[in-house]
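Bear in mind that the values in this text are calculations on the coordinates, not laboratory data. Fair warning: this is a prediction, and the values are worked out from it, not measured in the lab. Glycine gets a Cβ as well: all are built from the backbone with ideal geometry, and neighbour counts include every protein chain shown.
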Amino acid sequence: MGMVGIFESLGGMDALAALKQKGLTRREVEVLEWVARGKTNNEIGLILQISPRTASKHLEHIYTKLGVESRTAAVVQFLEMMQQIRQDREVRNGYEIAMHHPYSP
């Protein structure tokens, strides 16, 4: 599953917008996604064609922007954000379905 697949399953453009609201760049979002998939800085570097040191620097920026101090905390916050987006979407979809139901008040 590519990055687009992850975003679609976790919240699509809503997820990208939420991360950008936190100040993350597109590249930082890519790094965070790979961290969430369990990749090391070396592996992220190979995947994104950057040095492991650059991947590490991106992570430092991610930690600062998310207000966390570790990979684990960054991933937890990322997954919590995605869960909230999913729940919000389900509520919106449920509301829209109810509004169009023939027996709605």
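3J(HN,Hα) along segment 61-74, derived from phi through the Karplus expression 6.51 cos²θ - 1.76 cosθ + 1.60 where θ = phi - 60°, amounts to 5, 4, 4, 5, 5, 8, x, 10, 10, 8, 4, 4, 5, 5 Hz, with x in place of Gly and Pro.
Remark: the residue 90-residue 76 segment gains 2.9 nm on full extension, using 0.36 nm per residue and subtracting the alpha carbon distance. Evaluating 6.51 cos²θ - 1.76 cosθ + 1.60 at θ = phi - 60° for every residue in segment 30-47, the Karplus couplings come out as 4, 4, 4, 4, 5, 4, 4, 8, x, 7, 7, 4, 4, 5, 4, x, 5, 5 Hz, glycine and proline recorded as x.
A cut-off under 15 angstrom between Cβ atoms defines the neighbours of residue 67, and their net charge, with Lys, Arg +1 and Asp, Glu -1, is -1.
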